[in-house]
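The values are calculated or read from the model by the stated rules, or taken from the named source; none is laboratory data. Note that this is a predicted model, so its numbers are computed, not measured. Virtual Cβ from ideal backbone geometry, glycine too; neighbours counted across all protein chains shown. The area values use the complete protein model at the heavy-atom level, side chains included, leaving out ligands, DNA and RNA. Shrake-Rupley method; radii C 1.70, N 1.55, O 1.52, S 1.80 Å.
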Amino acid sequence: MNIINYQTFLQIVNTFLRAATLLSKFALIFFIGKFLKPSDLGLYGIFSATLLYAIFIIGFEFYTYSTRSFISANPFYRQTILRNIFVFYIFVYVFILPLFLLVFIFNFLPWSLIYWFYILLPFEHISQEINRYLIALSMQLEASIVLFLRSGLWCLITILLLWYVPFFRNISFILSFWCIGSFASLIIGILFLRKGCGLPTYGPVDWNWITKGIKVALFMLIGVISIRGLLTFDKYLVGAFGNSDILGAYVLYANLSTSVISFLDAGVVVFFYPKLISAAKHNTSESFDIIIKSLSINIFVVTCLLTIFAYLFGIVVIEWINKPTFQDNFYLFKWLLISTFIYGISHIPHMALYAKDNDGPIVFSQLFALIFFLLISYILGHQFGAKVIPISLSLSFTFILIWKTVKYKCL
């Protein structure tokens, strides 16, 4: 009984930490919108989106291969796997990190942010990777603590200081606290990993294992950077066809609308994912169809409710911030919610295809959707301005939804 109570307590703490992390990240955006200029929020948003995109690129989706090996490996062999991963990322850093200078050379980001970018990129990436291996070790609570340090606690501290101390109301202060939080999560994560399985040791590197992993991860990387590209390049295009204030409003609304997906993943997808995978692996088609039907109903209902709640909450937030820029561009929020709703519904065929190891339609639909989005946005943006970007985003997610649905029905 005591064991059950302890396990329940751990689950409650784990859930609380993850919910607090999620809410803290979104709350920080609202407070930046309240206490800083809209243009500052736009700069913070485009910096964050670029950094996140860079993390996906440098991560190479290698974890999709390495974590499977890590979980199934003998505990004594896990340090060897970590050594292989460590060596792999040394080469990735050496060859890819310099390429991100292009972001600054072509003025996608101002040079004043280059130091923050190159400090945060390795901190965030390594901390994220450690988090994944802690989960693979079934150290769920430790993983949540690392995540909270990396994306939650520093946000809460920053919010308090923004509220009470006007001196700290600038981008440099926010990014400095981000660095502190990210570094703290990295150090604590290393200590947890050392406790769970030990750290990489000196010894021979399995190059065949690394080569196989690159082949497996590369295909998935194309799909990930495509779907993330839709949620990154939209901000660049808004900045290009609008102005810094419009970009600030767009960043606020984009973060609020994407919270729908975050809560959908946390509240629905994670619960159906294991059951769906199990049914697909055991070839129980009847069970699979039942789960898909239940998943579809849950995703549709929850997405509808979250979208309505986000819209109503958005109205409250805009009144609280009380700045004309956000009020004048509220129409952007409506289109972003439409695109988010469509994206949420597309999780249904996406999960079905993924469970059946049918990755081709997932990757290609996302790749062509990105190309479609960039073309439509560029062509129409010159004529209609920034307002066309969320509309193009909605059309692109519709494209993905149709493609994945058709491919799933054809299985």
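How would ILE96, ILE71 line up by accessible area, probe 1.4 Å, largest first?
ILE71, ILE96
Using 7 Å Cα-to-Cβ label points, what is the GLN79/LEU305 separation (nm, one decimal)?
So the two model labels end up 4.9 nm from each other.
HIS382: accessible area at probe 1.4 Å, nearest 10 Å²?
Ignoring ligands and nucleic acids, HIS382 comes out at about 120 Å².
Give me the distance between the Cα centres of the range 339-411 and the range 99-144, rounded to whole Å.
26 Å
If we count every other residue with Cβ under 13 angstrom of VAL92's Cβ, Lys/Arg +1 and Asp/Glu -1, where does the sum land?
-2
How long, wide and thick is the range 170-275, going by the Cα atoms along their three principal axes, in whole angstroms, largest first?
54, 35, 31
Stokes-Einstein D for the chain at 4 °C, 1.567 mPa s, Kirkwood Rh over Cα pairs, in µm²/s?
57 µm²/s
Quick one: order LEU156, LEU36 from most to least accessible surface, probe 1.4 Å.
LEU156, LEU36
Please work out the Kirkwood hydrodynamic radius for the range 342-401, using every pair of different C-alpha atoms, and report it in angstroms with one decimal place.
It works out to 12.2 Å.
State whether the range 273-411 is rounded, prolate or oblate according to the following rule on the C-alpha gyration tensor (a ≥ b ≥ c being the square roots of its eigenvalues): a/c under 1.5 gives rounded; otherwise a/b larger than b/c gives prolate, and the remaining case gives oblate.
Because a/c hits 1.5 or more and a/b fails to exceed b/c, the range 273-411 counts as oblate.
Which of GLN327, ILE32, PRO98 sits closest to the plus end of the dipole of the chain, meaning its Cα is farthest towards the positive end, when Lys and Arg get +1 and Asp and Glu get -1 on the C-beta?
Of GLN327, ILE32, PRO98, it is PRO98.
Could you tally the net charge around ILE58, taking each other residue with its Cβ under 11 Å from the Cβ of ILE58, Lys/Arg +1 and Asp/Glu -1?
Result for the local shell: -3.
May I ask you to list the aspartates and glutamates whose Cα is less than 16 Å away from that of LYS323, ignoring any residue fewer than eight positions away on the same chain?
The reachable aspartates and glutamates, counting only those whose Cα sits under 16 Å from LYS323, are ASP40, ASP245.
Give me the percent of accessible area attributable to carbon and sulfur for the chain, probe 1.4 angstrom.
Answer for the chain: carbon and sulfur cover 71 percent of the accessible area.
In the chain, with Lys and Arg counted as +1 and Asp and Glu as -1 at Cβ, which of these residues, ASN170, LEU186, SER346, has the Cα nearest the positive end of the dipole, that is, farthest along it?
Positive-most Cα among the choices belongs to LEU186.
Protein chains only, probe 1.4 Å: how do CYS410, CYS197 rank by accessible area, largest first?
From most exposed to least exposed: CYS410, CYS197.
Just the accessible area for TYR89, please: 1.4 Å probe, Å², rounded to the nearest 10?
Solvent-accessible area, nearest 10 Å²: 20 Å².
Take the eigenvalues of the Cα gyration tensor for the range 260-305, scale each by 5, and report the square roots as semi-axes in whole Å, largest first.
The answer is 22, 11, 5 Å, longest axis first.
Beta carbons within 10 angstrom, averaged per residue: use that to sort the peptides 215-222, 129-136, highest first.
129-136, 215-222
Please give the length that would be gained between GLN7 and PHE313 if that part of the chain were fully extended, namely 0.36 nm times their separation in residues minus their C-alpha to C-alpha distance (nm, one decimal).
Taking 0.36 nm per residue and subtracting the Cα distance, the gain is 106.7 nm.
ILE348: net charge of surrounding residues, Cβ under 12 Å, Lys/Arg +1, Asp/Glu -1, itself excluded?
Spelling it out: positives minus negatives among the neighbours equals +3.
Calculate the length of the line joining the C-alpha centroid of the range 238-276 to that of the range 193-229, in whole Å.
If we compute the Cα centre of each part, the gap is 27 Å.
Run the 1.4 Å probe and let me know the accessible area of CYS304, rounded to the nearest 10 Å².
We get 40 Å² for CYS304.
Using the heavy atoms of the protein chains and a 1.4 angstrom probe, tell me the accessible area per residue for the chain in square angstrom.
48 Å²
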